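Trainee: Can you read through this structure? Questions will come right after.
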Amino acid sequence: MKLHPAVVAVTERIRERSAPGRAAYLRLIDEAAARERGADRMGCANVAHAFAGLPSNDKFRVVAEKAPNIAIVTSYNDMLSAHAPFATYPDVIKDEARKRGATAQVAGGVPAMCDGVTQGTPGMELSLFSRDVIAMATAVSLSHDVFDGALMLGICDKIVPGLLIGALHFGHLPTVFVPGGPMPSGLSNTEKAKVREQAAQGLVGREALLDAESRAYHSPGTCTFYGTANSNQMLMEAMGLHVPGTAFVNPGNELREQLTREALRTVLGIIKARRYVPIGRMVDERAIVNAMAALLATGGSTNHLIHWVAVARAAGISIDWNDFAELSAAVPLLSRVYPNGTADVNQFQAAGGPGYVIRELLDAGLMHEDVLAVREGGIREYTRIPHFDSDGLAWSDIGPSRDTDVVRPATDPFSATGGLKLLTGNLGRSVIKVSAVPNDRHVIEAPARIFNAQEELLQAFKAGELERDVICVVRWQGPQANGMPELHKLTPPLAVLQGRGFRVALVTDGRMSGASGKVPAAIHVSPEAAAGGPLAKLRDGDMVRLDAEAGTLQALVPDADWALRENAVMPDNLRAADAMGVGRELFTAFRRNALVAEEGACTWL
């Protein structure tokens, strides 16, 4: 299939823009790959330390027999549902490694925090920066430098991007990502959202709300809505970094263990094959474009307009929001999964899942097929679904959509364009997820109400001060101000206002989350207010126009007046509160050094 002109144009622009950085990156990983293996290169004391904890047979195998040694980097903890299944993975992987004449070691663990736990609390101000902590922890784990390949065990919001950034800094290693899968369906996302809106209005109490939330989030596995965690898994499939079809197999499913064993077999296959392809070679500009296309086609998380910029930078590749916007104009919306629809990820998987979407994009020329993947068959293998047959683990064609209310062919999409839009204007650059927003809400013009924190907006809602057409502006929420927390707690009250017939929108330099829904929200406004961005110029009552059709975000203030207006100063009480408590003081240097959202909010450059 001939590639779509927009895919060609964006890819070429990225390649040209990235040429110096990518060349330097590839030189670095080629130099690392050309060295002797770690156990032969290092001094005897170094080697003894590295393998002292191994069983004798494994120690003999890796040192004397020069068997491949695979690093396991895990995000396991037993507090969070998505990561709890990883408890048993290392033993399974080590067992499979021994059967294949290899060894495996848990090289290290990375932190894994849950935005669902910290949402609306001070701990949320650590969330975005935890991605870079995870990347650093991955680097520390691999820094012992005695590994021939790696398996990355991770799944949720910041964990997969962090693991991927860390892995790309050891880009000479063959690497496979190993997910854990979503929890089975519980209370539907639609019913959960309804109870949240009722609670925001005071129609139900804490007991009813907790009951609903507990029936929605009820067992090991990721949440079942299509937020950042599950968008991660879609992107890993689209980049060819998983065993094909692994993303949405539930924990405890009989396939799950065999797919984990297959991950070990896959990384060994790369090491032993003539086709030795490390992760730094796989993740090139074509793979990044494929991930972007998959994100857009599925109405995925807005967080990836930050995370995948950072991931690309780790591989020496430079992308920006213009690239996303140009692709979004060409890539159709092929799936409707909550919050873009009523289905959850289990229904998405049953309808055809990632494999169906990838096949449709490939056949329509909207993804590159000539890319490297962890499987020798390339990205086309990711259009197939795993199952058991008489010979064991096997893959078969996805076939047609099993539910056209959930996934559709590229010839009959839900929308001709993707779910994300770039907004520009005198308030800066921002993005909006329009795939879940009703068509009659794509343009909102209303007076601004300025808030310095999300708590202020919640208080104003409870006091009945927002019962009108209004654009709520929540500023001082960017990376340099307070770590750019998600403001998902604002979704229920704004949805209530919209449900009452008011024309409302949110504008913020913070994040809204992978669960951005039916209320129009211009998010990630850059430059942020704390860095002198124009949100600091806005005043209560200023007319603001958010136009997702024209792609603009504009304060309707005369140019001369706007140019003379001084920026407001971040309130001292916010600076003081941001600096102390719940570990936030440890992240002062992160806030000080963070790049803007469109540059990935990176703290390591």
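Trainee: For the stretch 362-396, which residues satisfy the criterion of being within 20 Å of Val249 (Cα to Cα), of a type in the set (Asp, Glu) and under 27 Å from the mean Cα position of the chain (by Cα)?
Mentor: Glu381
Trainee: Ok, one more. Kindly indicate whether Leu546 is closer than 21 Å to Gln459 by Cβ and either under 29 Å from the mean Cα position of the chain (by Cα) or in a loop (DSSP other than H, G, I, E, B) (or both).
Mentor: Answer is no for this residue.
Trainee: Right, Ala563: assigned by TED's automatic domain parsing to the domain that holds Phe451, assigned to a loop (DSSP other than H, G, I, E, B) and within 25 Å of Leu422 (Cβ to Cβ) or not?
Mentor: Judged against the criteria, Ala563 is not a match.
Trainee: Taking Pro354 as the residue in question, decide whether it is at pLDDT 95 or above and touching a Phe, Trp or Tyr at 6+ places or on another chain (Cβ under 8 Å).
Mentor: yes
Trainee: Same structure, new question: Working only within the stretch 322-333, note down all residues that are farther than 14 Å from Val434 by Cα and either in contact with a Phe, Trp or Tyr (Cβ under 8 Å, 6 or more places away or on another chain) or surrounded by fewer than 22 Cβ atoms within 10 Å (Cβ to Cβ) (or both).
Mentor: Once the filter is applied, which keeps residues that are farther than 14 Å from Val434 by Cα and either in contact with a Phe, Trp or Tyr (Cβ under 8 Å, 6 or more places away or on another chain) or surrounded by fewer than 22 Cβ atoms within 10 Å (Cβ to Cβ) (or both), the stretch 322-333 yields Asn322, Glu326, Ala330.
Trainee: Let me ask something else. Among (1) in a loop (DSSP other than H, G, I, E, B); (2) touching a Leu at 6+ places or on another chain (Cβ under 9 Å); (3) not assigned by TED's automatic domain parsing to the domain that holds Gln258, there is one condition Asp412 misses while meeting the rest; what is its number?
Mentor: Unmet for Asp412, out of (1) in a loop (DSSP other than H, G, I, E, B); (2) touching a Leu at 6+ places or on another chain (Cβ under 9 Å); (3) not assigned by TED's automatic domain parsing to the domain that holds Gln258: (2).
Trainee: Within the stretch 456-479, which residues are buried (at least 24 other Cβ atoms within 10 Å of the Cβ) and touching a residue at least 40 places away in the same chain (Cβ under 8 Å)?
Mentor: Ile471, Val473, Arg475, Trp476, Gln477, Gly478, Pro479, listed by residue number.
Trainee: Give the residues of the stretch 82-138 that are hydroxyl-bearing (Ser, Thr, Tyr), crowded, with 17+ Cβ neighbours inside 10 Å and modelled with pLDDT under 95, sorted by residue number.
Mentor: Selection gives Thr118, Ser127.
Trainee: Next up: Just for the stretch 308-340: of the residues that are assigned to a loop (DSSP other than H, G, I, E, B) and β-branched (Val, Ile, Thr), which one is nearest to Ser185 (Cα to Cα)?
Mentor: Val331
Trainee: Within the stretch 295-307, which residues are part of a helix (DSSP H, G or I) and touching a Ser or Thr at 6+ places or on another chain (Cβ under 9 Å)?
Mentor: Residues satisfying the conditions are Leu295, Leu296, Ala297, His304, His307.
Trainee: Taking the options Val133, Val176, name whichever one is at negative phi, assigned to a strand (DSSP E or B) and assigned by TED's automatic domain parsing to the domain that holds Leu268.
Mentor: The unique qualifying residue is Val176.
Trainee: Would you call Arg402 outside the structural domain of Glu254 (by TED's automatic domain parsing) and either touching a Gly at 6+ places or on another chain (Cβ under 9 Å) or under 23 Å from Phe324 (Cβ atoms) (or both)?
Mentor: Taking the combined requirement at face value, the residue satisfies it.
Trainee: Further question on the same structure: Restricted to the stretch 146-196, and to residues that are acidic (Asp, Glu) and modelled with pLDDT under 95, which residue is farthest from Asp78 (Cα to Cα)?
Mentor: Residue satisfying both the conditions and the ranking: Glu191.
Trainee: What single numbered condition from (1) under 22 Å from Ala137 (Cβ atoms); (2) surrounded by fewer than 18 Cβ atoms within 10 Å (Cβ to Cβ); (3) not assigned by TED's automatic domain parsing to the domain that holds Glu285 fails to hold for Ala50?
Mentor: Tallying (1) under 22 Å from Ala137 (Cβ atoms); (2) surrounded by fewer than 18 Cβ atoms within 10 Å (Cβ to Cβ); (3) not assigned by TED's automatic domain parsing to the domain that holds Glu285, Ala50 fails exactly one: (2).
Trainee: From (1) over 26 Å from the mean Cα position of the chain (by Cα); (2) loosely packed, with under 15 Cβ neighbours inside 10 Å; (3) not aliphatic (A, V, I, L, M), pick out the condition that doesn't hold for Pro438.
Mentor: Looking at each condition in turn, Pro438 falls short on (1).
Trainee: Return the only residue of Asn46, Asn57, Asn77 being assigned to a loop (DSSP other than H, G, I, E, B) and over 20 Å from Pro174 (Cβ atoms).
Mentor: Result of the check over Asn46, Asn57, Asn77: Asn77.
Trainee: Select, from Ile358, Ile385, the only residue that is within 20 Å of Asn232 (Cβ to Cβ) and assigned to a helix (DSSP H, G or I).
Mentor: Ile358
The values are calculated or read from the model by the stated rules, or taken from the named source; none is laboratory data. Everything quoted here is computed from the prediction, not taken from an experiment. FYI the Cβ positions are ideal-geometry reconstructions off the backbone, even for glycines, and counts take in every protein chain you see.
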